[in-house]
Amino acid sequence: MGLHLNDSGDDLQENHEINVTPFIDVMLVLLIIFMVAAPLATVDVKIDLPASTAKPVPRPDKPIYLSIKEDKTLFLANDQVEPEQLGAALDNLTHSDKDKTIFVRGDKGVEYADLMVVMDSLRSAGYLKIGLVGLETVGAK
């Protein structure tokens, strides 16, 4: 016969195993946060693009975007650039490769004349390959 002396009155035994459930919960929450935040990290300059029914062209590996906001400010990638410094900024970004396509993103509120001024400055800088970016319309035929 054995004798068990326990003065604490506690019937629970100590568990020496690591409980991994909280670690898994934290990892799943972090995964969801990164899944939601990842698309937001790729957003460039906020512009209200016009829609088009043209078939989309495959996107190049590293596109170069020139954005024109409604207040006529220019953004090359995510950096604001002055119109008179556009050629130098493009040469710096493309390493003076004039065969790169420059994708122009213009806000709906930008007037046609202002868009043509920007395209003329691209042409005078030697960049003749220009792509216009727009939104796809739903139900395009």
Among the residues of segment 82-120, write down those that are among the hydroxyl-bearing types (Ser, Thr, Tyr), more than 17 Å from Leu132 (Cα to Cα) and assigned to a helix (DSSP H, G or I). Thr94
For residues that are modelled with pLDDT under 85, of a type in the set (Val, Ile, Thr) and surrounded by 14 or more Cβ atoms within 10 Å (Cβ to Cβ), tally how many sit in segment 39-84. 2
Show the residue pairs meeting these rules: Cβ distance below 7 Å; 6+ apart or different chains; first residue within segment 64-79 and without any contact (Cβ under 8 Å) to a residue 24 or more places away in the chain; second residue in a strand (DSSP E or B) and buried (at least 19 other Cβ atoms within 10 Å of the Cβ). Leu76/Leu66
When you look at Val138, is it hydrophobic (A, V, I, L, M, F, W, C), modelled with pLDDT under 85 and part of a loop (DSSP other than H, G, I, E, B), yes or no? yes
Can you tell me which residue among Leu49, Leu122 is over 27 Å from Thr137 (Cα atoms) and touching a residue at least 40 places away in the same chain (Cβ under 8 Å)? Leu122
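The values are calculated or read from the model by the stated rules, or taken from the named source; none is laboratory data. Since this is a predicted model, take the numbers as computed values, not measurements. Note that each Cβ is placed from the backbone with ideal geometry, even for glycine, and that neighbours are counted across all protein chains shown.
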